[in-house]
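The values are calculated or read from the model by the stated rules, or taken from the named source; none is laboratory data. This one's a predicted model, so the numbers in the text were calculated from it and none came from an experiment. Don't worry about glycine lacking a Cβ; one is built from the backbone with ideal geometry, like all the others, and counts go over all protein chains shown. To get the accessible areas, we keep the full protein, side chains included, count just its heavy atoms, and leave off ligands, DNA and RNA. Shrake-Rupley method; radii C 1.70, N 1.55, O 1.52, S 1.80 Å.
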Amino acid sequence: MSSRTLPLLFINLGGEMLYILDQRLRAQNIPADKAKKADWIEDDRRRVMNDIITTMFNKKFLEELFKPQELYSKKALRTVFDRLAHASIMRLNQASMDKLYDLMTMAFKYQVLLCPRAKDILLVSFNHMDAIKDFVKDTPSVLSQVDETYRQLIEMYTPLSSGEFQLIRQTLLIFFQDMHIRVSIFLKDKVQNSNGRFVLPISGPVPHGTHIPGLIRMFSCNGEEVKRLQFRNGGNYTGVLREGSFEMFGERVIKLGTNMYVNTAPNPLAKEELNMLARLMGGMEVQKPGNADSGFRVNLFATDEEEEEALISRPDEFSYDVIKIQATKNQQANAELVKIMGDFTEEAGEPCSSSANSKGDDLLAMMDGL
Amino acid sequence: MYHKEKSIQMKSSASALYNNLSVLRIAPRSLTYFTVVHANMVNMVSASWDGLNYSHRQLQSKEANVATSSSLIMQAAWCVLPSRDILVLTSQKGIQMYESDGSIMVYWHALDTPETQTAQAVFARGIAAVREKYICVGISSGSMLVFDVPIKGSNITLSEVLEEHKESITDLASECSGSLECIADMVSADDSGNLCVWKSGEDFQLLNKIPGFDMSCSSVKLWKGTVVAGYGTGQIRLYEAVTGIVHAEVNAHARWIYSLDIAPFSGLLLSAAEDSLVRVWHLTMTPETNSVEVTSQTIPGRNLTTPRTHRQTLTASLPLSPSRSCTCITSV
């Protein structure tokens, strides 16, 4: 449908991923009294965030992203985020990566669905961008890339009409259709039902440009109002709030897209986890070939056992069916990569080409080159 | 007034698209067909009136490429012509037409898709049967295709291309009152809220253009010479088709309206929106004063606002018949 959807999908999902990783990395932080190790861990957290954001906002990468194109298949997009999550020394195993992706996608689905106006999806994107900018405020090189992305977003999206934004929204909702994974934060706040569906509120401020439902006005042939009727709207709507800023800076007003993990209570099992983490890192093997640093592993679950259990008990229908790609030059790896590219090449039946100039020379290829 | 009938479970969920439910009543066979679009597929169910038999069928988008999003269906709707009923599917690739039970495709019209992807999306959306032999379909460029449909067979031809709208067509509607006295045969709506009123014929004639207010009109109906339009702001407006005079304005919903439908004999209007509500209105025409009165209705004994924990977006439609049954489905 809309060929302008991919940048928003990528940036918002990326933003959610960073919120989650940031929270998990902090939860695995060692308190100051553990002396030497403390600084090292804090630096690593910043380094992980920086590395991922640098990859996300790579110039060539973004150039490809902003070109008009259909959305990737779910499989291809998941692979892009797998690569992104591993663009640093951090390591996630299958179960944690699955959980990370579940959280990211359900969070963005929620944000898209709850946006008062279709255009507000841009404000949600700016909320993510604002947070990303804050993560890298001390690194000028990445910061300038982030700023450049703001400009591209503003240039591409601010001129769009309400109908075009609604098409983008519909494209996203169709992409997220039938995803009903339960997220504990959403269940707790009662914004998600136990069947995984989100609750649409019939209260709160009406969107910009909309009147509170309740009034019927009838006119004569010469435009004079001749009758008014009120009806009960059955909800508890309030007046519209001021409009958020669509510029590089400014208050966005909408809360969707801000970090919902910020006030999460610290993990009471932190100390145990730290010990576990220290043990793991001490005995860490290099897992990916060609990786100079010994990475450290991040667990999205409370304990290793939980993580393992989650992997075993994960229902088949939630499987992302990820294709593992080695960043090597062997034929088989190229064939798999090319096959994925083939999945989202526009013309059906187009012969798959592994040459750099083939159609669909795109994000995955970019990521491989980084 | 409406009363709730037995719920029907579709094979898969409904996609978030305007006017995503189409209904066809086949009285001689005591059957009703329902269609709902799901991504690149159409789910069709045929339900017997005694509520005992259901038969499901799925129609695929032509040239569907399973892994991509480039062959999504935008709308499916039945076109009721005097001699036959045609099921029309509009997608990003083109327009498919089937015999009413969806068993045989009788016509395929491919859209011009550019070599390289453009920023402007390409798709067909907006379907209406007009008078005895026309089926009109809207395009994302703003054009409208008029197809000439023979009494039977597959010799359907493109009769005319109407170029009046500059924005993507959102919905088309033909006069549904059954009255032959109405001058206007069809109304078309687009993404900027502009409405065009047409008279059908060898060459379609533009009778009137009602300007929008920069807000998409997502659903439109034409009843007894009155245009009923639902907008992205949640407002419903009623206009006299040939003159553009505003009859009424209703602050109906708190979110984007996705669907409107009218029961032509009773003047009951249904509106469904992203605020998860379906509202019922009653339209009364007073020809002497050339006015239309709109009142809000509630279905007796039934609160259409579902409990908070179950609310989801709705799209709705109802059969153009006196049975006055209301059909709602949940989506997303």
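Just a few scattered comments:
- Amide hydrogen proximity for A:Val253: with H placed 1.01 Å from N in the peptide plane, the residues at 5 or more positions away or on another chain lying under 5 Å are A:Ser245.
- Accessible surface of B:Trp49 - all protein chains present, 1.4 Å probe, nearest 10 Å²: 120
- Counting Lys and Arg as +1 and Asp and Glu as -1 over every other residue whose Cβ lies under 12 Å from the Cβ of A:Glu16, the net charge comes to -1.
- Percent carbon-and-sulfur accessible area, region A:167-262, ignoring ligands, DNA and RNA, probe 1.4 Å: 52
- For region A:172-251: rounded, prolate or oblate by the Cα gyration tensor [a/c cutoff 1.5]: prolate
- Accessible surface of region B:159-298 [probe 1.4 Å, protein heavy atoms]: carbon and sulfur percent: 49
- Computed over region B:81-225, relative contact order equals 16 percent, with contacts defined as Cα pairs under 8 Å that lie 6+ residues apart.
- Comparing each chain alone with all protein chains together (probe 1.4 Å, DNA, RNA and ligands left out), the residues of region B:106-129 losing at least 30 Å² of accessible area are B:Glu115, B:Gln117, B:Ala119, B:Ala121.
- Efficiency of FRET from Cβ geometry, A:Met179 and A:Ser144, R₀ 41 Å, rounded to 0.05: 0.70
- Taking amide H as placed 1.01 Å from N in the peptide plane, the amide H of B:Ala39 sits under 5 Å from that of B:Ser15, each at least 5 places away or on another chain.
- Entries in A:Lys99/B:Lys11; A:Lys60/A:Lys99; A:Lys59/A:Lys137; A:Lys60/A:Lys133 that, when Cα-Cα distance is taken, lie over 21 Å: A:Lys99/B:Lys11; A:Lys60/A:Lys99
- Approximate spin-label separation B:Leu158-A:Thr258, in nm, with each point projected 7 Å along Cα-to-Cβ: 5.2
- Loop-located trypsin sites (Lys or Arg not before Pro) in region A:135-213 (DSSP state not H, G, I, E or B) with no more than 12 neighbouring Cβ atoms inside 10 Å: A:Lys137, A:Lys190.
- Under 5 Å, built H, 5+ apart or other chain: amide partners of B:Ala121: A:Ser3
- Whole-number accessible area per residue in Å² for region A:102-194, which is evaluated in the context of all protein chains at 1.4 Å: 33
- Sequence-separation-based contact order of chain B, relative, with Cα cut under 8 Å and 6+ spacing, percent: 12
- Here region A:10-142 yields Rg over Rh of 0.99, to two decimals, using C-alpha coordinates and the Kirkwood radius.
- Charge tally in the Cβ shell below 14 Å around B:Ser83, where Lys, Arg are +1 and Asp, Glu are -1, B:Ser83 excluded: 0
- Percentage relative contact order, region B:1-51, counting C-alpha pairs under 8 Å, at least six apart: 31
- DSSP-loop trypsin sites (Lys or Arg not before Pro) across region B:110-204, with at most 12 other Cβ within 10 angstrom: B:Lys152, B:Lys166
- Taking the protein heavy atoms of region A:1-150 in the context of the full set of protein chains, the accessible area attributed to carbon and sulfur is 51 percent at 1.4 Å.
- Per residue accessible area of chain B, 1.4 Å probe, in Å²: 37
- The B-A contact accounts for approximately 5100 Å² of buried accessible area, totalled over both chains at a 1.4 Å probe radius.
- Cα shape, chain B, gyration tensor, a/c 1.5 rule: rounded
- Shielded residues, region B:236-278 - accessible-area loss of 50 Å² or more between chain alone and all protein chains, probe 1.4 Å: B:Glu249, B:Asn251, B:Ala254, B:Arg255, B:Trp256, B:Glu274
- Out-of-range pairs (alpha-carbon distance over 25 Å; input B:Lys4/B:Lys62; A:Lys119/B:Lys166; A:Lys188/A:Lys255): B:Lys4/B:Lys62
- Taken along the Cα-to-beta-carbon direction at a fixed 7 Å, the label points for A:His208 and A:Lys67 span 3.3 nm.
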